[in-house]
Amino acid sequence: MENRMILHKLNEHPLYCYMNPQEIASIEKVRIEQTFIAHESIIAIGERNRDLMCLDEGSVSIQVEDTQGTITEVARLHEGSLIGEMNYIIPTRRTANVVSLTEVVASYYPYAELCALLAQQPILAAKLFAALNIQLQMKLRRMLPA
Amino acid sequence: MNIYIRQQDNDLFKYLSDEEYQTLKAKCIVRKLKLGEELTHQEISGIVMLESGILQRLSPNKTACGQLFPGEIDFELSEALPYTLKAVTASQISILSYIQKEQLTDPLLCTKLEAAINDALCLKIIRLTHGE
């Protein structure tokens, strides 16, 4: 009998990539969909919120502020990107502004509800954490010197 | 995230109970490194846990991109990142091979390891952001 917890990639979703349809249905129970108009603030620097967010449609600008209050765009994220994964894992605060460039449809996974679900379902948790690890490693790869 | 409580010093095994820790520790290979010895991801093929000494991450053009201190981990995933690890002092590492990790059958144990890797990768990103 195969007992090993081998992670097979089943789709391209940044959070669901290792999950089967039943597991996706389970995690969808905590998902909240929200729509933003273009140029709307989605996340602001300093917020303590730890919700995880997935960009389902549209594009956003990631912006930082210097000590003079000058705002600089450091990246643009598009459909299929995760937002807020660092603060989900390690509690700090939001370190960048996220502003919609187009109309945006996003999925929120509220921190407390998601943690409660994952605490009850270790297999689901392992698959979500492994998916997060892929996203984190991709982020790390972009930051490393050539 | 606030699901598991840290119970061990080692960053990979941090969320394991003493019993789980001993079980996994027994599956690890211990290796001593001489000063200047360099490790590649391909050669190690597992998660590196530094037990003593200091390792330096070196990019392909030999740019330093972070250090590893005792208790910390590297080569977290089987997909390689573009750097090697060089011993800047005589060091000792433990290695949990990716194959050994794949053969684990306890979902909670797997989850705790993945959660620990989440933390390690996040910290690595934060340290790079801060120029460490």
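Translational diffusion coefficient of the range A:21-138 at 20 °C, 1.002 mPa s, Stokes-Einstein with Kirkwood Rh over Cα pairs, in µm²/s as a whole number.
143 µm²/s
Among B:67-76, A:66-75, how do they line up by average Cβ neighbours within 10 Å per residue, starting with the highest?
In decreasing order of mean packing, B:67-76, A:66-75 become B:67-76, A:66-75.
Check the range B:18-129 and count each lysine pair with an alpha-carbon distance under 20 angstrom, considering only pairs eight or more places apart or from different chains.
Summing the qualifying lysine pairs gives 12.
Based on the mean of other beta carbon atoms within 10 Å per residue, what is the order of B:18-25, A:122-129, A:51-58, most packed first?
A:122-129, A:51-58, B:18-25
Viscosity 1.002 mPa s, temperature 20 °C: what is the translational diffusion coefficient of the range A:1-66 from Stokes-Einstein with a Kirkwood Rh over Cα pairs, rounded to a whole number of µm²/s?
141 µm²/s
From largest to smallest, what semi-axes in whole angstrom does chain B give when each is the square root of 5 times an eigenvalue of its alpha carbon gyration tensor?
24, 17, 13
Using only Cα atoms, locate the centre of the range A:28-55 and the centre of the range B:19-45, then give the distance between them in Å, rounded to an integer.
Centre-to-centre (Cα) distance: 40 Å.
Kindly write out, for the range B:106-115 in residue order, the coupling ³J(HN,Hα) from the Karplus curve 6.51 cos²θ - 1.76 cosθ + 1.60 (θ = phi - 60°), rounded to whole Hz, with x marking Gly and Pro.
Going residue by residue, I get 7, x, 5, 4, 4, 4, 5, 5, 4, 5 Hz, with x marking Gly and Pro.
Measure nothing but the geometry: give the 0 to 90° angle between the long axis through the Cα atoms of A:111-120 and the longest principal axis through the Cα atoms of chain A, rounded to 10°.
10 degrees
Fewest first, what order do A:Ser61, B:Ser91 take by the number of other Cβ atoms within 10 Å?
A:Ser61, B:Ser91
Over its Cα atoms, what ratio of radius of gyration to 2.2 N^0.38 Å does the protein assembly as shown give?
Ratio of Rg to 2.2 N^0.38 Å for the protein assembly as shown: 1.04.
Where a number appears in this text, it was derived from the coordinates with a stated rule and is not lab data. The structure displayed is predicted, hence computed values, not measured ones. Virtual Cβ from ideal backbone geometry, glycine too; neighbours counted across all protein chains shown.
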